[in-house]
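Below is one structure, written out as structure tokens, with a few remarks after it.
Throughout, read-outs are computed from the coordinates displayed, never taken from laboratory work. Computed from a prediction, not measured in an experiment: that's the story for all the values here. Here the Cβ positions follow ideal geometry from the backbone for every residue, glycine too, while neighbour counts run over all protein chains shown.
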Amino acid sequence: METRRQAPATVFLDADNTLWDTDGVFAAAQLHLLAAVESAAGRQSVAEDRLAFVRAADQRIAEHHHAGLRYPPRLLIAALADALHGEDVARAARLALVGSGKERIAEDVMGVIEAAYFSDLGHAPAIRPGVEAGLLALEAAGCNVLIITEAARAKVERTAKRLGLDTHFTRIVEGAKRPDLYRRILRLTGTREAFMVGDQLDRDIAPAKAAGLETIYFPGGFQPRWLPAVGKVGPDYTIASFAEVPDIVLAERRAITGS
Ligand SMILES: [Mg+2]
């Protein structure tokens, strides 16, 4: 019996917090920002978990600001300064959002803290565990590897280049991660076997699953508090290292061809 030649599997990869630790860059920048706000406000946070303290304010603001997580950082600076003076974090965030918090930090100091924050955010992220090995193995297996991102394509390309990962994938697709985007790309590439690897259940896993892809959940260190539970979305696989991806993809292929 002749062996049917298979089209290579298509593997979609989320970029931020899947291939590299974007969140780690945010964490470092947020901790640095807190230290700067403390020094400007003349008050130390008593929070045991300093990052959680910043993020409580950050997420409250992001949830209610029209720009979401891209809200202007001075709102965070104002909210933290208020919270350091004993204001409840949720209330401090609300006051910052409507611009009626106490002006505890001078405008020019706020500008300096904000500039330092933006500079920190420009640091290169660390590559997540197993990414280089996993990408090399996918490449060796002849997989069609696509990065799918809702961030600006140029930014993802720049980070990939900076980290030396840019030669390991076919292309970067920028767009809303809706089921029809996956379906359209799969029609174009002519592959039936497809996988999606991502760190977000709602944005990476759920829509890919709805499009009929096999889903691989690679949780990162930080999950926003409004995320759905793992059980509700039900990814096909959950991994601790990206190096597990090629094994899953190749095992699925063996199962399908029965070889
Ligand atoms: Mg992500």
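Checking every one of the trypsin sites (Lys or Arg not before Pro) in region 10-68 against DSSP loop status and a limit of 16 other Cβ atoms within 10 Å picks out ARG43. For TRP20, the residues whose modelled amide H falls within less than 5 Å of its own, excluding neighbours fewer than 5 places apart on the same chain, are ARG128. Rounded to the nearest angstrom and listed largest first, the equivalent-ellipsoid semi-axes of the chain from its Cα gyration tensor are 42, 17, 15. Top mean-square fluctuation among GLY134, GLY198, GLY86, Gaussian network model of the chain, C-alpha springs under 10 Å? Fluctuation is largest for GLY86. An ellipsoid equivalent to region 4-47, defined through the eigenvalues of its Cα gyration tensor, has semi-axes of 46, 7, 5 Å when rounded to whole angstrom and sorted largest first.
Under 5 Å from the amide H of VAL145 lie the amide H atoms of VAL11, THR170, each residue being 5 or more positions distant or on a separate chain, with H modelled from the backbone and absent for Pro and chain starts. Taken along the Cα-to-beta-carbon direction at a fixed 7 Å, the label points for HIS85 and ARG158 span 3.6 nm. For the chain, the longest principal axis of the alpha carbon atoms and the long axis of helix 22-41 meet at an angle near 0°. Taking 20 Å as the straight-line reach from the Cα of LYS209, the lysines in range (excluding those fewer than 8 positions away in the same chain) are LYS177, LYS232.
Look at where the Cα atoms of region 34-93 and of region 123-196 average out, and the two centres are 34 Å apart. A simple charge model with +1 on the Cβ of Lys and Arg, -1 on the Cβ of Asp and Glu and nothing else charged puts the dipole of the chain at about 760 debye relative to its Cα centre. The residues packed around ALA211, meaning those with a beta-carbon under 15 Å from its beta-carbon, carry a net charge of +1 if Lys and Arg are +1 and Asp and Glu are -1. Take 114-120, 36-42 and order them by the average number of nearby Cβ atoms within 10 Å per residue, most first; the result is 36-42, 114-120. Using the Cβ-Cβ distance between ALA52 and ASP236 with R0 set to 30 Å, the FRET efficiency works out to roughly 0.45. Quotient of the Cα radius of gyration of region 24-121 and 2.2 N^0.38 Å, N being its number of residues: 0.94. For region 24-121, the relative contact order comes to 35 percent (Cα pairs under 8 Å, sequence separation of at least 6). Among THR22, THR159, THR189, the residue with the largest mean-square fluctuation in a Gaussian network model of the chain, with springs joining Cα atoms closer than 10 Å, is THR189.
Seen against the Cα atoms of the chain and their longest principal axis, helix 73-84 is set at about 60 degrees. Relative contact order of the chain, taken over Cα pairs closer than 8 Å and 6 or more residues apart, is 25 percent. Compared with the dominant Cα axis of the chain, that is its longest principal axis, helix 179-189 is turned about 40°.
Note on ARG171 and GLU139: the extension gain reaches 10.2 nm, defined as 0.36 nm multiplied by sequence separation minus the Cα-Cα distance.
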